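Note sheet for the following structure.
The values are calculated or read from the model by the stated rules, or taken from the named source; none is laboratory data. Only a predicted model underlies this, so the values are computations on that prediction, with no experimental measurement involved. Backbone-built Cβ (ideal geometry, glycine too); neighbour counts: all protein chains shown.
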Amino acid sequence: MAGTSMRIIIWGINYAPEPTGIAPFNTGMAEWLAGRGHDVEMVTTFPYYPVWRKRPGDEGRLYRTDRLAGVTVRRCWHHVPRRVTAMRRIVHEASFLATSLLRLATLRRPDVLVVVSPPLAAGVPAWVMSRLWRRPFVFHVQDLQPDAAVGLGMLRPGQFTRLLYALERLAYRKAAAVSGISDGMLAAFREKSVEQSRRVFFPNWVAEVLPGAAPAPERVAARAAFAARHRIPPGAFLLVYSGNIGMKQGLGVLVEAAAAGTADGPAPCWIVAGDGAGKAELVEAARQAPGSLTFLPLQPDEAFAEMLIAADACVITQQKGSGQFFFPSKLLTALGRAKPVLAVADRGSELARAVEAGGFGLVAEPDDPAGVARAAAAMASAGEARLTEWGRNGLAWVGRFRRSTVLGEFEARLEEIARAARR
């Protein structure tokens with residue numbers, strides 16, 4: 001139990017039962033804090049991600065209250081576009097902020113409000129609510145949203161972009177603390193004039209007990225079952241991507257790499273398991289190109305575990321130019337299973353630096369399909385001893401991100417902020 005019980009409201013657009021992205025970490029934070037004896041309410045949406053479609057029965061619902069694992073979950077209506085563009089995403093986020101702000105205004109004031117960004121614009125109403133409640137708010141950043149939008153070409157520099165940066169500056173200036181999931185984000189906060197005393201390292205986490213490498217008999221059985229179910233040649237080297245299929249993942253390079261092939265080693269079998277706004281376009285591109293690439297939907301927990309056990313290596317991709325704005329949480333899951341990693345990312349990105357410093361895989365540039373194909377073939381021909389070494393190195397590297405360590409440190413920071421506000 002916690003030393004001092006707090007009332008905490010978490011405000012974020014993603015929550016369980018959404019299986020991927022930010023939702024599992026919002027859910028884990030809320031449930032862990034509730035399990036520690038705090039009174040936790042989550043203000044969020046009806047589930048929609050990563051398929052960008054609400055569940056049957058949720059369409060048209062304005063509000064609903066659920067009780068999940070000790071957390072009171074306040075769900076609020078929001079617009080979900082059929083096709084995701086930069087402007088439609090702005091409307092999507094604005095609709096959530098409007099309905100959820102009204103819901104926030106009806107709730108009993110907390111000791112501290114935790115705001116999860118994106119959406120970036122939540123910083124302004126969070127500041128308003130903190131003034132009305134006379135309570136502090138913490139601004140937790142999962143994506144550097146305006147930097148990423150410009151870097152990916154979704155927004156062009158101009159008046160609207162300047163407005164986004166103004167909203168960002170206000171949120172960072174008014175928050176009692178600004179937290180980020182990577183060292184690169186903390187460096188960005190420093191450049192954006194957030195004082196060191198208010199910068200908080202709050203990374204995503206892995207399970208308390210890491211699965212590690214599966215025993216050989218279990219892996220052989222999982223591999224055989226997975227290969228038979230999805231008509232994959234039994235001896236193929238399996239490279240698996242699992243997660244959202246959107247713009248920032250830059251998965252088109254895998255289609256090109258699978259089509260390019262290489263003479264440097266055996267051709268691997270690529271698996272892309274996921275859903276998202278970009279899936280239909282990616283499937284169509286793969287249909288028109290040669291290469292061994294198989295698409296699967298997001299896998300339920302048991303099938304996902306089997307797929308990871310069967311995989312020889314995991315693939316993590318980032319769109320060119322985006323590596324300084326995102327740090328993919330799926331990396332932690334792969335390393336927790338002691339899987340080697342093929343990172344398709346800019347050489348200067350945090351992902352690439354982590355792979356090279358941790359010694360748990362190879363890095364290829366996101367605009368070089370032939371280079372990706374060569375790296376995949378190099379992994380396929382590396383041999384069992386090298387693959388085991390990569391997996392062991394990754395398991396050691398990821399150990400610092402265990403759930404109790406990460407969330408315990410964040411809880412302590414929330415208690416410190418709440419005490420200061422009471423004084």
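Annotations for the structure displayed:
- Residue count for the stretch 1-50, restricted to those that are in contact with a His (Cβ under 8 Å, 6 or more places away or on another chain), part of a loop (DSSP other than H, G, I, E, B), hydrophobic (A, V, I, L, M, F, W, C) and closer than 22 Å to ALA412 by Cβ: 2.
- Residue selected from the stretch 279-301 under the condition in a loop (DSSP other than H, G, I, E, B) and under 21 Å from the mean Cα position of the chain (by Cα), by the criterion farthest from ARG337 (Cα to Cα): PRO297
- First in the stretch 354-383 and under 18 Å from LYS320 (Cα atoms), second anywhere and assigned to a helix (DSSP H, G or I) and not aliphatic (A, V, I, L, M), Cβ under 8 Å, 6 or more apart: ALA354/TRP397; VAL363/GLU356; ALA364/GLY371; ALA364/ARG374; GLU365/GLY371; PRO369/GLU256; VAL372/GLU256
- Tabulated pairs, the stretch 298-312, first in contact (Cβ under 8 Å) with a residue 40 or more places away in the chain, second of a type in the set (D, E, K, R), C-beta under 7 angstrom, 6+ apart or interchain: LEU298/ASP275; LEU308/ARG337; LEU308/LYS339; ILE309/GLU218; ILE309/ARG219; ALA310/ARG223; ALA311/LYS339
- A single member of ARG131, ARG135 is within 19 Å of LEU33 (Cα to Cα) and surrounded by fewer than 21 Cβ atoms within 10 Å (Cβ to Cβ), and it is ARG135.
- Considering the conditions (1) in contact with a Gly (Cβ under 8 Å, 6 or more places away or on another chain); (2) surrounded by 18 or more Cβ atoms within 10 Å (Cβ to Cβ); (3) among the hydrophobic types (A, V, I, L, M, F, W, C), ALA378 is excluded by exactly one of them, (2).
- Residue within the stretch 312-323 that is polar (S, T, N, Q), surrounded by 21 or more Cβ atoms within 10 Å (Cβ to Cβ), under 23 Å from GLU218 (Cα atoms) and not assigned by TED's automatic domain parsing to the domain that holds PRO146 present: no
- Pairs, first farther than 15 Å from PHE25 by Cβ in the stretch 393-412, second loosely packed, with under 15 Cβ neighbours inside 10 Å, C-beta under 7 Å, six or more apart: ASN393/GLY359; LEU395/GLY212
- In the stretch 177-216, the residues that are over 21 Å from ALA23 (Cβ atoms), part of a loop (DSSP other than H, G, I, E, B) and aliphatic (A, V, I, L, M): VAL194, VAL209, LEU210, ALA213, ALA214
- Search result, residues across the stretch 302-327 that are among the charged types (D, E, K, R) and part of a helix (DSSP H, G or I): GLU302, GLU306
- The stretch 337-423 holds helices (runs of 4 or more DSSP H) entirely within its bounds, and those carrying 3 or more residues that are farther than 15 Å from CYS314 by Cα and of a type in the set (Lys, Arg) map to 403-422.
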